[in-house]
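Comments concern the structure below.
The values are calculated or read from the model by the stated rules, or taken from the named source; none is laboratory data. Just so we're clear, the structure is a prediction, and the values are computed from it rather than from any experiment. Cβ placement follows ideal geometry from the backbone for every residue including glycine, while neighbour counts extend to all protein chains displayed. For the accessible areas, the whole protein counts, side chains as well, though only heavy atoms, and no ligand, DNA or RNA atoms are used. Shrake-Rupley method; radii C 1.70, N 1.55, O 1.52, S 1.80 Å.
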Amino acid sequence: MQTIISDGRTTYQGHPTTVLMPDGKTLFCVWTIGHGGPCGPLKKSTDGGRSWSGLLPTPANWRDHVNCPTIWHLPTPEAPLRLVVYAQEPESRRMVYSLSEDGGNHWTPMKPCGGDIVSVMPWTAILPTGDGRLIGLTNARDPESAEPLSNRIIRSYSCDNGLSWTLPEPVTHLPEANLCEPWVLPSPDGREWACLLRANNREYPSMVIFSRDHGATWSVPRPLPEGLRGDRHIARYLPDGRILAVFRNVAPDTAGFGHFCGWVGRWEDLKNGTPGELQLKLLHHAPAEPKFQFDCGYPGLELLPDGTVVAVTYLHRRTEDAGNSVVSMRIPSSQLTQEFSYEAAK
């Protein structure tokens with residue numbers, strides 16, 4: 001089942017992320033106007049992604065901030081429905097946040113995060129460390145590189161549940177691959193973390209690093225299975241213990257090249273570099289021009305209590321559209337079988 005959250009027939013809608021609330025059916029989706037452009041659009045679904053609200057009111061200064069906003073449920077005992085959206089100042093790329101303590105009904109204006117975080121992306125991964133802190137990961141420019149579009153993975157810690165952060169520290173760096181956009185998935189027993197990484201230099205495969213101490217130290221990067229060659233991975237566990245990862249496919253010579261795709265496998269496949277079970281083509285991207293071939297992905301991915309997967313992305317639905325649309329799709333996890341594979345989607 002596909003639902004258009006925001007139609008790009010006349011205006012470019014891009015870079016959505018989502019969050020699922022504790023009731024298991026309310027979702028929020030936030031995105032930008034234009035490629036990495038102004039924030040502001042926010043919608044809600046109260047029925048697990050079957051339908052979406054109109055645009056929700058947000059503070060006016062959201063539109064003064066940019067670039068792939070990310071939304072997180074970061075509850076406190078006093079505010080169990082607390083939400084935080086991260087974005088950036090347009091010139092400095094200093095990270096900012098907006099806070100809702102009432103489940104998305106009211107939002108504070110964007111303001112800089114404590115800690116003066118400067119990065120390429122807002123936080124793409126946030127996890128509790130088990131000691132009362134949060135760890136955030138994203139990518140930032142390498143201060144030692146002469147390349148203006150360099151990337152290195154950084155981490156920072158928050159002791160106030162996401163409003164202020166410590167001075168960023170490097171996590172890993174592979175200059176030739178230009179690693180970026182980390183996503184962290186714990187092992188089934190929670191003792192180890194896998195961090196999936198985009199290689200912005202597409203001559204390199206996507207990479208993975210591992211931590212056994214809640215992100216304090218990490219292994220050296222090594223290639224992910226080839227079926228995970230893509231940008232901006234989001235991964236979650238299905239009810240049967242398998243992993244579903246969704247991303248923008250950048251693997252040449254595959255039917256999913258340039259489209260919104262997925263991979264189904266297990267933790268052991270991430271650890272051992274084995275292929276996994278399935279490579280999925282989820283939604284077709286129809287760019288108006290070749291230069292926009294990879295302008296899709298940047299997904300939201302949520303798993304509902306009944307096992308339904310809700311995946312959200314942006315893509316060019318029709319070549320005649322002026323821009324990309326934000327699209328939601330619902331798939332029962334039991335249907336993530338060979339019928340959804342590349343072979344069936346040609």
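Which residues make up the longest stretch of the chain that has no GluC sites (Glu not before Pro) in a DSSP loop with at most 13 other Cβ atoms within 10 Å? Free of exposed loop sites, the longest segment is 204-319. The radius of gyration of the Cα set in region 173-314, together with its Dmax, comes out at 14.6, 46 angstrom. Taking the dipole about the Cα centre of the chain, with the C-beta of Lys and Arg at +1 and of Asp and Glu at -1, give me whichever of Gly258, Pro205, Leu99 is farthest to the positive side. Farthest towards the positive end: Gly258.
Here region 226-332 is assigned +1 on the Cβ of each Lys and Arg and -1 on the Cβ of each Asp and Glu. Its dipole about the Cα centre then comes out at about 80 debye. Phi-derived couplings, Karplus 6.51 cos²θ - 1.76 cosθ + 1.60 at θ = phi - 60°, listed residue by residue for region 285-290: 9, 10, x, 6, 9, x Hz, with x used for Gly and Pro. Each Lys and Arg Cβ is given +1 and each Asp and Glu Cβ -1; about its Cα centre, region 142-250 then shows a dipole of about 340 debye.
A Cβ-based charge dipole, computed about the Cα centre of the chain with Lys and Arg at +1 and Asp and Glu at -1, lands at about 380 debye.
Classify region 294-335 from the C-alpha gyration tensor, please: rounded if a/c falls under 1.5, else prolate or oblate depending on whether a/b exceeds b/c. Cα axes put region 294-335 in the prolate bin. Taking amide H as placed 1.01 Å from N in the peptide plane, Thr308 has its amide H under 5 Å from the amide H of Ser333, each at least 5 places away in sequence or on another chain.
For a test of the definition: using alpha carbon positions, the gyration tensor, and the 1.5 limit on a/c, classify region 122-218 as rounded, prolate or oblate. Note, shape of region 122-218 comes out oblate. The H on the amide N of Thr17, modeled in the peptide plane, is under 5 Å from the matching H of Val30, each at least 5 residues off or on a different chain. Using a ≥ b ≥ c from the Cα gyration tensor of region 70-109 (square roots of the eigenvalues), is it rounded, prolate or oblate, where a/c under 1.5 gives rounded and otherwise the larger of a/b and b/c decides, a/b for prolate? Prolate shape, in that a/c is at least 1.5 and a/b is the bigger ratio. Taking Ile209, Ile33 and ordering them by how much accessible surface each has at a 1.4 Å probe, largest first, produces Ile33, Ile209.
Taking θ as phi - 60° and the Karplus parameters 6.51, -1.76 and 1.60, the scalar couplings of region 307-319 work out to x, 6, 8, 10, 10, 10, 8, 10, 6, 7, 6, 9, 4 Hz in sequence order, x denoting glycine and proline. Taking all protein chains as they are arranged and a probe of 1.4 Å, the heavy atoms of Thr319 leave approximately 80 Å² accessible to solvent. Of the chymotrypsin sites (Phe, Trp or Tyr not before Pro) found in region 1-35, no site is in coil according to DSSP while having at most 12 other Cβ atoms within 10 Å of its Cβ. Given their separation in residues at 0.36 nm each and the Cα-Cα distance between them, Lys291 and Cys159 gain 43.3 nm when the chain is fully extended. Here region 1-157 exposes an accessible surface that is 54 percent carbon and sulfur, computed with a 1.4 Å probe and the other protein chains kept in place. For region 1-71, applying the loop criterion from DSSP together with a ceiling of 14 other beta carbons within 10 Å to the trypsin sites (Lys or Arg not before Pro) yields Arg9, Arg50.
Region 274-340 and region 22-65 have Cα centres spaced 18 Å apart. Solvent-accessible area per residue in region 172-244 equals 38 Å², computed with a 1.4 angstrom probe and all protein chains kept. Phi-derived couplings, Karplus 6.51 cos²θ - 1.76 cosθ + 1.60 at θ = phi - 60°, listed residue by residue for region 37-52: x, x, 7, x, x, 8, 9, 9, 10, 10, 10, x, x, 5, 9, 10 Hz, with x used for Gly and Pro. Around the amide H of Tyr298, modelled in the peptide plane, lie the amide H atoms of Arg248, all under 5 Å away and 5 or more residues distant in sequence or on another chain.
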